[in-house]
Amino acid sequence: MELKEAEGKKALGKLTCAVAAKLLRNIRAILISGKSFNPKVAAIARCSLPKQAI
């Protein structure tokens, strides 16, 4: 295995882990708040949202 291949697999693993962590944060927030999932709001940091969207 070449060094570049190994680095590519390492980066893919980090990306997979980051996406899984974000998904778990979204699921946890949905379960705690009891609100339905809104994909338009999910991609924005909570501190950047207007008060009525939260």
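A few comments on the model shown:
- Going by accessible surface with a 1.4 Å probe and the largest first, Lys10, Lys22 read Lys10, Lys22.
- Exposure check, 1.4 Å probe, all protein chains in place: Ile32 carries approximately 120 Å² of accessible surface.
The values are calculated or read from the model by the stated rules, or taken from the named source; none is laboratory data. Quick caveat, the model's predicted, so the values are computed rather than measured. Note: areas computed on protein heavy atoms with side chains; ligands, DNA, RNA excluded. Shrake-Rupley method; radii C 1.70, N 1.55, O 1.52, S 1.80 Å.
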